[in-house]
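Visitor: Got a structure here, written out as C-alpha cells. Questions coming.
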Amino acid sequence: MTRPSDRIEFRISDAELARRWQAVRRVMAERQLDVIIMQSQNDWLGGYVKWFTDLPATNGYPVSVAFYASGAMSVVDMGPLGGRRVFEEPDDLRRGVKLLLTTPAFTSINATSAWHAEALLGDLEHHGVRRLGLLGTGSLPHGFVATLQQGLPNAAFEEACDWLDEIKAIKSPEEQGWIRRVAGLQDQAFAAVLNGIRPGLRDCDIAALAWNEGQRLGSEQGITLASSAVLGQRASFLGRWQQGRRIDKGDHFSILIEVNGPCGYYCELARTIVLGRANTEVLEGFAAMKQAQAHTLSLLKPGVLAADVAAAHDAWMIAHGLPPERRLYAHGQGADMVERPLIRAEETMRLQAGMNLAVHPGYENERLFAVVCDNYLLEPSGASPCLHQTPGQIFELD
C-alpha cells in the first residue's frame, strides 16, 4: 500500500525539523509563551507553515498551525466541517502533529474567515494557554485573530515574528545543501531557455521552458516572469497574463526564474538574452548592474546592519548617475520567496552567517530594463561565491 509520504519526492530530515522546534521552544520558554499560532495560504510567501511542518499551504487554501511550548502541534486544514483526527502514534506524513482538524474555509469567502480559529479554540483551551505568539499579524486574517481574541479573553497576545525570523533566516548545513541544489536547478532551467528560445515563440512559451525544466527537476512552485521587446524598448519582468508577445530576430528578452526546488527552498536567477547583437545601451546597463551587485557583495558581512547596506547601495547608484532603489533589490530567501532580512532602510536585522541572500540590483526607463540576479550564502568572512553557475553576462544568440 502506498503511504502518503511515499508520494513526496524530497523531504526535510527529522533531525532538521527537531532542530527548528528546539530553537523556537528555547525562545518561547524565555518569553513564557504557551503557543505560537500561524496561518499560511500559499507556498510563495507562506513559509512559516512549511518551515514548521515541512508541508506547504497551497492555492490560497488556509492552513493554520498551533505550535505548543510542550507537546505536539495541532493543525487546521481543508476538509469536512468538524473533521478531527488524533494521531496516537507519530504520523509519517504530518511529523510533529498530534491533532488534525478540518474545515472547508476559503480566503475568498468572508463568512468562513473565523472557522479556523473556531476549530482551534477548544484545543487551545484544553492546553490552558495564557500567552500566545502570533506570526505575521499584518497578514493574518482579521476574522481569524479577532475570533481567537474573543474566545480567549484572558489570554495575552504578542507578535512573534521579530525573534522567530532571526532563527528562520539562518540556514543550517542541511538547508544550505538544499539551497545549492535549487540554484543548480535554476541554472538548468535557464539552459533550457537558451536551448529552446527562437523567433516566433511567445514570451510565455519561452518562460514555460524554464518552468517545465524546473518541475522536472523537483520544483514545486514559484514564478517565471519574462518579456521581450525590440532593442530601444524595455523588456521588464511580466507575469503570464502579459506574456503574449512573439519574439523576433533582433529582439531582447528578460527572464526571472524564481521557482523553488527540492524541499521548497527558493533562489532566483535573472538574465537577458538577445536574438542577435546587443546594443551599447543594453551592454552598459548590464555592466553597471554587475558592478552594483559586486559593490553590495563587498558589504555583506556578519554583524552589518541590512539598512546600512541599503544606504550604501543607494549612494553608489546616485554616484554613478543611476536612480536609488525604491523597491527591494536584495533580500533573504528560504521557505519564502521573499523573507528577512530585507536590504532596505526599514530593516532592523543584522546580517548573520548562514543567510541565503538574493542580490538583484536593477533600474529601468522607457528604453531599458537593466538587471542581474543571483544568490549567495553569507559566510563568516562575507558573501560566498555565487551559488548560480550561469555566467553573469548578456547572452547574444545567432
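Visitor: Filter the stretch 95-126 down to the residues that are touching a strand residue (DSSP E or B) at 6+ places or on another chain (Cβ under 6 Å) and either assigned to a loop (DSSP other than H, G, I, E, B) or acidic (Asp, Glu) (or both), then identify the one that is farthest from Gly151 (Cα to Cα).
Guide: Here the answer is Gly96.
Visitor: I need every pair where a residue in the stretch 219-247 that is assigned by TED's automatic domain parsing to the domain that holds Ala183 has its Cβ under 7 Å from the Cβ of a residue that is among the β-branched types (Val, Ile, Thr) and assigned to a loop (DSSP other than H, G, I, E, B), sequence separation at least 6 or different chains.
Guide: From the stretch 219-247, the pairs are Ser228/Ile247.
Visitor: Tally the residues that are part of a strand (DSSP E or B) and within 16 Å of the chain's Cα centre (by Cα), restricting the search to the stretch 35-94. Break it down stepwise before answering.
Guide: Step one: filter the stretch 35-94 for residues part of a strand (DSSP E or B), giving 35-40, 63-68, 73-77, 83-86.
Checking the rest, the ones that are also within 16 Å of the chain's Cα centre (by Cα) come to 39-40.
Matching residues across the stretch 35-94 total 2.
Visitor: Whether any residue in the stretch 293-301 is assigned to a loop (DSSP other than H, G, I, E, B) and either surrounded by fewer than 19 Cβ atoms within 10 Å (Cβ to Cβ) or touching a residue at least 60 places away in the same chain (Cβ under 8 Å) (or both) is what I want to check.
Guide: Within the stretch 293-301, one or more residues are assigned to a loop (DSSP other than H, G, I, E, B) and either surrounded by fewer than 19 Cβ atoms within 10 Å (Cβ to Cβ) or touching a residue at least 60 places away in the same chain (Cβ under 8 Å) (or both).
Visitor: A follow-up question, please. Determine which member of the set Ala270, Ala278 is in contact (Cβ under 8 Å) with a residue 24 or more places away in the chain, aliphatic (A, V, I, L, M) and crowded, with 24+ Cβ neighbours inside 10 Å.
Guide: Among Ala270, Ala278, only Ala270 is in contact (Cβ under 8 Å) with a residue 24 or more places away in the chain, aliphatic (A, V, I, L, M) and crowded, with 24+ Cβ neighbours inside 10 Å.
Visitor: Residue check, Ala155 against (1) touching a Lys or Arg at 6+ places or on another chain (Cβ under 6 Å); (2) among the small types (Gly, Ala, Ser); (3) more than 30 Å from Val86 (Cβ to Cβ), all met but one. Which one?
Guide: If we test Ala155 against (1) touching a Lys or Arg at 6+ places or on another chain (Cβ under 6 Å); (2) among the small types (Gly, Ala, Ser); (3) more than 30 Å from Val86 (Cβ to Cβ), just (3) comes out false.
Visitor: Name the single residue that is surrounded by the most Cβ atoms within 10 Å (Cβ to Cβ) among those in the stretch 245-257 being touching a strand residue (DSSP E or B) at 6+ places or on another chain (Cβ under 6 Å) and not charged (D, E, K, R). Steps first, please.
Guide: Applying the first criterion (touching a strand residue (DSSP E or B) at 6+ places or on another chain (Cβ under 6 Å)) to the stretch 245-257 yields 245-247, 251-257.
Next, from what is left, pick out any that are not charged (D, E, K, R): 247, 252-257.
Details: Ile247: 25, His252: 27, Phe253: 24, Ser254: 25, Ile255: 27, Leu256: 22, Ile257: 31.
That would be Ile257.
Visitor: Hey, can you tell me all the residues within the stretch 78-106 that are in contact with a Ser or Thr (Cβ under 9 Å, 6 or more places away or on another chain), exposed (fewer than 15 other Cβ atoms within 10 Å of the Cβ) and β-branched (Val, Ile, Thr)?
Guide: none
Visitor: On the given criteria, is Leu33 touching a Gly at 6+ places or on another chain (Cβ under 6 Å), touching a residue at least 40 places away in the same chain (Cβ under 8 Å) and more than 17 Å from Asp336 (Cβ to Cβ)?
Guide: It is true that Leu33 is touching a Gly at 6+ places or on another chain (Cβ under 6 Å), touching a residue at least 40 places away in the same chain (Cβ under 8 Å) and more than 17 Å from Asp336 (Cβ to Cβ).
Visitor: A follow-up question, please. Determine the pairs where a residue that is assigned by TED's automatic domain parsing to the domain that holds Gly303 and more than 19 Å from His295 (Cβ to Cβ), located within the stretch 341-359, has a partner that is assigned to a loop (DSSP other than H, G, I, E, B) and of a type in the set (Lys, Arg) with Cβ atoms under 8 Å apart, the partner being 6 or more residues away or on another chain.
Guide: Qualifying pairs under 8 Å: Gly354/Lys171; Asn356/Lys171.
Visitor: Only one of Ala307, Ala311, Ala287 is part of a helix (DSSP H, G or I), in contact with a Ser or Thr (Cβ under 8 Å, 6 or more places away or on another chain) and surrounded by fewer than 24 Cβ atoms within 10 Å (Cβ to Cβ). Can you tell me which? Steps first, answer last, please.
Guide: Values: Ala311 fails: in contact with a Ser or Thr (Cβ under 8 Å, 6 or more places away or on another chain); Ala287 fails: in contact with a Ser or Thr (Cβ under 8 Å, 6 or more places away or on another chain).
Answer to the selection: Ala307.
Visitor: Scan the stretch 181-201 and give yes if some residue there is under 27 Å from Phe67 (Cβ atoms) and in contact with a strand residue (DSSP E or B) (Cβ under 9 Å, 6 or more places away or on another chain), otherwise no.
Guide: Checking the stretch 181-201: at least one residue is under 27 Å from Phe67 (Cβ atoms) and in contact with a strand residue (DSSP E or B) (Cβ under 9 Å, 6 or more places away or on another chain).
Visitor: Shifting gears a bit: Restricting to the stretch 326-353, and then to whatever is farther than 18 Å from Leu164 by Cβ and small (Gly, Ala, Ser), can you tell me which residue is surrounded by the fewest Cβ atoms within 10 Å (Cβ to Cβ)?
Guide: The selected residue is Ala345.
Visitor: Please tell me if Leu140 is part of a loop (DSSP other than H, G, I, E, B) and under 29 Å from Glu16 (Cα atoms).
Guide: Values: part of a loop (DSSP other than H, G, I, E, B): yes; under 29 Å from Glu16 (Cα atoms): yes.
For Leu140, the condition - part of a loop (DSSP other than H, G, I, E, B) and under 29 Å from Glu16 (Cα atoms) - is met.
The values are calculated or read from the model by the stated rules, or taken from the named source; none is laboratory data. All of these numbers come straight from a predicted model, not from anything done at the bench. So basically every Cβ, Gly included, is an ideal-geometry build from the backbone, and we count neighbours across all protein chains shown.
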